[in-house]
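Beneath this line is the structure, given in structure tokens, with notes to follow.
The values are calculated or read from the model by the stated rules, or taken from the named source; none is laboratory data. In this text the structure is predicted, and so the values were computed from the model without any measurement. All Cβ positions, even for glycine, are placed from backbone atoms using ideal geometry, and neighbour counts span all protein chains on display. The accessibility values were calculated without ligands, DNA or RNA, using every heavy atom of the protein model including side chains. Shrake-Rupley method; radii C 1.70, N 1.55, O 1.52, S 1.80 Å.
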Amino acid sequence: MSKSILVTGATGFIGSRLVSSLVEKKYSVSSLIRKGKSGHVKSKNIIGDLTDSKLDIPDTEFDCVFHLASHTPLEKNKKVLEKVNLEGTKNLFSHIKDKTKAITYISGLGVYGETQDGIVDESFPYNPNTDFVKIRLEAQRFLEKNCKELGINFTVIHFGDVYGSGGWFYDVLVKRLLKNTFRLPKGGDYYKAFLHVDDAVGSMVSILEKNAINETYIVADPAFVKFKEFVDFTADNIGASHPGTIPMFVAKAVLGGDLIKLLTTSMKVSNKKISQIYEFKFPSYQQGIPNVISELKTRELLK
Ligand SMILES: NC(=O)c1ccc[n+]([C@@H]2O[C@H](COP(=O)([O-])OP(=O)(O)OC[C@H]3O[C@@H](n4cnc5c(N)ncnc54)[C@H](OP(=O)(O)O)[C@@H]3O)[C@@H](O)[C@H]2O)c1
């Protein structure tokens, strides 16, 4: 019998692609989606909100729950972040704890904070420096503790910045580069770790299929790249001009201090651990971005 999987955040940039991949691989997939949204036609779509105390998860035994639903760091209101990302996670847990053998929690690299030029791997201590990542880490620790107590397998994945034909890469970077309204805080002079969305999905599926659970993984491609190089390369690929800089005080005023801190914190990472069980399809942005741009062209989204 095929494994039964629940995906939260199933209508999102990464979650929707995870659901498609699992459906294609013949898993029995359930998706938590909010009212008014439509999920994959071959998934059992459960309508509900993380924060709803009457969340109605059917009585099925799941082999794994992939928890991706969250507000992004664009949400500046701490109370909203706490309500959805922390209390919502606790509420979800109370409704799935008797129905799942494993939970995989999707997080980001922001939890490692300032790392003083070291190459971050899974042994690095967490050092959260914004409200967004502090809340995200609290939710992780809640799940970790409670899963342990109940004998539920618990896995954490810290993704690098995920690019693809949706999400921030398309909505914020590509669209604004085309309109020449994108600007680089700090001139883009900081290292970032990137990840093609196919590799985000591929790594999650690989962890599931190889049963490589009860672990923490950093998942990003291994290239050390400054944000400016990544952005200029994207601009070259879509025929846009290289963007200029925005002064930090203006960037903070527009986007908020926490988001700017998250965006401009320099980080180099090692992906040795995940590479032992997953072979990256796009090991660098130079391979991944042309693939995304050609998909955007096919979908006529580069206008
Ligand atoms: N994208 C990245 O670069 C990146 C990097 C590192 C980690 N991550 C993490 O990966 C996960 C997925 O990211 P993403 O880029 O796919 O985000 P996304 O496109 O913003 O998707 C977020 C998903 O969460 C759902 N959601 C939000 N609030 C909810 C609530 N109260 N109840 C139920 N569902 C709710 C959204 O539903 P609606 O469609 O109804 O809004 C959507 O399906 C997130 O946890 C994110 O923090 C992403």
Legend entry - Of all accessible heavy-atom area on the stretch 232-303, the percent that carbon and sulfur account for (1.4 Å): 55
Legend entry - Out-of-range pairs (alpha-carbon distance over 21 Å; input Lys261/Lys281; Lys54/Lys97; Lys3/Lys273; Lys134/Lys261; Lys54/Lys148; Lys3/Lys101): Lys261/Lys281; Lys3/Lys273; Lys54/Lys148
Inset, instruction - Identify, among Gly166, Ala139, Phe227, the residue whose Cα sits farthest towards the positive end of the charge dipole of the chain, taking +1 on the Cβ of Lys and Arg and -1 on the Cβ of Asp and Glu, with the dipole about the Cα centre. - result: Gly166
Legend entry - Efficiency of FRET between Val250 and Ile119 - r from beta-carbon atoms, R0 22 angstrom, step 0.05: 0.10
Inset, instruction - For each pair in Lys268/Lys303; Lys26/Lys99; Lys79/Lys228, compute the distance between the two Cα atoms and list the pairs where it is over 23 Å. - result: Lys268/Lys303; Lys79/Lys228
Inset, instruction - Would you work out which of Asn271, Ser206, Gly239 lies farthest towards the positive end of the dipole of the chain? Charges go on Cβ: Lys and Arg +1, Asp and Glu -1. - result: Gly239
Inset, instruction - May I ask for the Rg/Rh ratio of the chain, computed from Cα atoms with Rh as the Kirkwood radius, given to two decimals? - result: 0.95
Legend entry - Span per principal axis, largest first, for the Cα atoms of the stretch 63-161 (Å): 42, 31, 21
Inset, instruction - Show that you can apply the helix-only estimate: for the chain, add -39,500 (n - 2.57) for every DSSP H stretch of four or more residues, divide by all residues, and state [θ] at 222 nm to the nearest 500. - result: -10500 deg cm²/dmol
Inset, instruction - Specify the residue with the greatest mean-square fluctuation among Leu173, Leu150, Leu22, computed from a Gaussian network of the chain linking alpha-carbon atoms under 10 Å apart. - result: Leu150
Inset, instruction - State the Cα centre-to-centre distance between the stretch 111-149 and the stretch 243-303 in whole Å. - result: 20
Inset, instruction - Quick one: work out the % antiparallel among DSSP beta bridges in the chain, nearest 5. - result: 5
Inset, instruction - Report the label-to-label distance for Lys99 and Ser2 in nanometres (one decimal), using points 7 Å from each Cα along the Cα→Cβ vector. - result: 1.9
Inset, instruction - Provide, in order from the shortest bin, the percent of all Cα-Cα pairs of the stretch 193-259 in each 10 Å bin, continuing until the bin that contains the maximum pair distance. - result: 16, 28, 32, 18, 6
Legend entry - Simple label model, 7 Å out from Cα along Cβ direction - Thr60 to Lys76, nm: 4.0
Inset, instruction - With +1 on each Lys and Arg Cβ and -1 on each Asp and Glu Cβ, and nothing else charged, work out how big the dipole of the stretch 1-101 is about its Cα centre, in Debye to the nearest 20. - result: 220
Legend entry - Tilt relative to the chain, helix 227-238 - C-alpha long axis, 0 to 90 degrees, to 10: 80
Legend entry - Degrees between helix 13-24 axis and first principal axis of the chain (Cα, 0 to 90, nearest 10): 50
Legend entry - Lys281, Lys252, Lys42, reordered so the largest accessible area comes first (probe 1.4 Å): Lys42, Lys281, Lys252
Inset, instruction - For the chain, find the longest principal axis of its Cα atoms and tell me its angle to the long axis of helix 285-298, 0 to 90°, nearest 10. - result: 80
Inset, instruction - With springs connecting C-alpha atoms under 10 Å apart, model the chain as a Gaussian network and identify which of Asp49, Asp198, Asp59 has the largest mean-square fluctuation. - result: Asp59
Inset, instruction - Calculate, axis by axis, the spread of Cα positions in the stretch 19-96 along the three principal axes, and write the results as whole Å, longest axis first. - result: 39, 26, 23
Inset, instruction - Sort out for me the Cα centre separation of the stretch 67-91 from the stretch 181-221, rounded to whole Å. - result: 20
Inset, instruction - Could you give the size of the charge dipole of the stretch 59-190 about its Cα centre, using +1 on the Cβ of each K and R and -1 on the Cβ of each D and E, expressed in debye and rounded to the nearest 20? - result: 560
Legend entry - Estimated distance in nm for a label pair at Gln286 and Lys175, the labels positioned 7 Å out from Cα along Cα-to-Cβ: 3.1
Legend entry - Cα-only Debye scattering, the stretch 166-282: base-10 log of I(q)/I(0) at q = 0.14, 0.19, 0.20 Å⁻¹: -0.68, -1.06, -1.12
Inset, instruction - For the chain, report the accessible area per residue in Å² (1.4 Å probe, heavy atoms, rounded to an integer). - result: 47
